[in-house]
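A.B. asks: Provided herewith is a single structure, encoded as C-alpha cells, for subsequent inquiry.
Just so it is clear, none of the values below were taken in a lab; they were calculated from the coordinates. Here the structure is a predicted model, which means the values were calculated and not measured. Backbone-built Cβ (ideal geometry, glycine too); neighbour counts: all protein chains shown.
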Amino acid sequence: MPSMGVTAAMRQAATPESPPRVPAIRAEGLVKTFPGVEAVCGLDLLVHPGEIFGLLGPNGAGKSTTIAMLCALTRPTAGGLWVAGHDVRTRPAAVRRSIGVVFQKTTLDDKLTVEENLRIHAVLYGVPRRRARERVTAMLALTDLADRRRSLVGTLSGGMKRRLEIARGLLHEPRVLFLDEPTVGLDPHSRAEVWHHVHRMRRESDATVLLTTHHLAEADHCDRLAILDHGRVVALGSPEELRARIGRDSVRVRTEAPERDALTLADGLGVRPTVVDGQVVVQAEDGAAMLPRIVTALEGAVTSVTVSRPSLDDVFLHYTGRSVADQGTAATEPLVTGDDS
C-alpha cells in the first residue's frame with residue numbers, strides 16, 4: 001500500500017488555482033471491534049468524487065463491516081470517518097441523507113409495482129412530490145425499466161430487480177452510492193446487464209460508487225481497488241496498477257500430492273510455491289521458461305499445467321498467500337446492523 005497519508009494525498013490532488021475537493025469518503029485509522037474480534041484494523045481510505053471504488057476480499061475480510069460504518073449503521077470503535085464531507089460519528093443523519101444503498105439481499109416489496117416502490121422511497125427521503133415524479137421517470141429511463149413501471153416487482157427477473165434497486169438508491173440524488181455485493185446470485189448475463197447500467201449511471205450522474213465484492217471480474221469494473229484481508233488494506237490501486245506490481249507469470253501445476261510437490265519445488269528450484277485449490281502455484285518472471293524446470297523437478301508427477309499473466313487473484317495471492325477466488329464462494333458476509341449510531 002502506498003505510504004502517502006490521506007491528508008497528504010488530498011493536498012497533492014489540489015491545484016494552486018483551486019482548493020482541494022471534498023473527498024466522497026475519507027477514513028483515517030478506522031477500527032471496528034466486536035467481542036473477541038477486530039473486524040476492521042486501522043483502515044485508511046480516500047475515495048474521490050465520481051469514481052467507482054471497490055473493496056475486494058474474501059468473506060470475513062471486513063468489507064461489509066466497513067460498509068456498515070460508512071452508512072452510519074454502526075459506530076466506529078476508533079479512527080475518523082467522513083462521508084460526503086459529514087463526520088459519521090457526529091452527523092450520522094446527514095450521512096444517511098447523502099447516500100444510497102443497494103444491499104446484498106433485495107429489500108423491494110414484491111406486492112407493489114415498480115413505480116410504487118420508487119414513490120415510497122421518495123416519501124421516506126422527503127423528496128417533493130413534483131420532483132419525485134421527475135426523478136421516478138428519470139431513474140426508470142436510466143435503468144431501462146420505463147416499460148415495467150406498472151408491473152408488480154414479483155414478476156421481474158433477478159437482474160431487473162437489481163436495476164430497480166439501483167434506481168431506488170439514486171432516486172433522492174445521493175452523493176455516494178454503496179453497492180454491497182451488487183450481483184451476488186445473478187447469472188452472468190444479468191451481471192453484465194447490471195454493470196452496463198452502473199457505468200451508464202456514472203456517466204449521467206455525479207454519484208460516487210463504492211462497492212464490495214469477491215468477484216474478480218466485477219472488480220475489474222472499478223477505477224481503483226483496495227484489497228482487504230483480515231480487516232486491513234494490503235494493496236491499493238487501479239486493477240492495472242495492481243497487476244503491474246506483480247509483473248510475473250503464474251504457473252499452476254496439478255499433481256497427485258500438491259503439498260509434497262510444493263516442498264520439492266521449494267527445495268529443488270529455490271522458489272516459493274503456494275498450494276491453491278489443489279494446485280501448486282509458482283510465480284515467475286517468465287512462466288514459459290520456468291515450466292520445463294518444474295516438470296523436470298517433479299519427475300512425471302505433473303498431470304496438468306497452465307501458464308497465465310497476472311490476474312487480480314494472483315495479486316491477492318501475492319499479498320496474502322491465499323486465493324480470493326477460492327474463498328469467495330461461501331455465503332456472503334451480512335451487512336452489520338443494529339449498533340448504536
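A.B. asks: Counting Lys and Arg as +1 and Asp and Glu as -1, each charge on the Cβ, what is the dipole of the range 248-309 about the Cα centre in debye, to the nearest 20?
C.D. replies: Numbers: 7 positive and 9 negative charges, 31 e Å.
Its charge dipole is roughly 140 debye.
A.B. asks: Debye sum, Cα scatterers, the range 248-309, no solvent: what log₁₀ I/I(0) at q = 0.12, 0.17, 0.23 1/Å?
C.D. replies: Values, matching the q order: -0.21, -0.44, -0.86.
A.B. asks: Among Met290, Met69, Met160, whose mean-square fluctuation peaks in a Gaussian network model of the chain (Cα, cutoff 10 Å)?
C.D. replies: The residue with the greatest mean-square fluctuation here is Met290.
A.B. asks: With a 10 Å cut-off between alpha carbons and a GNM built on the chain, which of Val271, Val37, Val194 moves the most?
C.D. replies: Val37
A.B. asks: To make sure I understand, if each residue's beta carbon is the centre and we count other beta carbons within 10 Å, what order do Phe316, Phe178 fall in, fewest to most? Please list the in-between numbers first.
C.D. replies: Working: Phe316 30, Phe178 24.
So the ranking, lowest neighbour count to highest, is Phe178, Phe316.
A.B. asks: Would you count, across the chain, every pair of lysines whose alpha carbons are under 22 angstrom apart, provided the pair is eight or more residues apart or spans two chains? Show your work: numbers first, answer last.
C.D. replies: On the way: Lys32/Lys63; Lys63/Lys105; Lys105/Lys161; Lys111/Lys161.
Step by step, the pairs that qualify in the chain add up to 4.
A.B. asks: Another one. What label, among (i) 23.3, 70; (ii) 22.5, 75; (iii) 23.8, 74, belongs to Rg and Dmax of the Cα atoms in Å computed from the structure on display?
C.D. replies: Read-out from the structure maps to (ii).
A.B. asks: Further question on the same structure: What is the antiparallel percent of DSSP beta bridges lying wholly in the chain, to the nearest 5?
C.D. replies: Details: 36 of 54 bridges.
Taking every DSSP beta bridge with both residues in the chain, the antiparallel ones total about 65 percent.
A.B. asks: Springs between alpha-carbon atoms under 10 Å, Gaussian network over the chain: tell me which of Leu56, Leu152, Leu164 tops the mean-square fluctuations.
C.D. replies: For the chain, modelled as a Gaussian network with Cα springs under 10 Å, the answer is Leu152.
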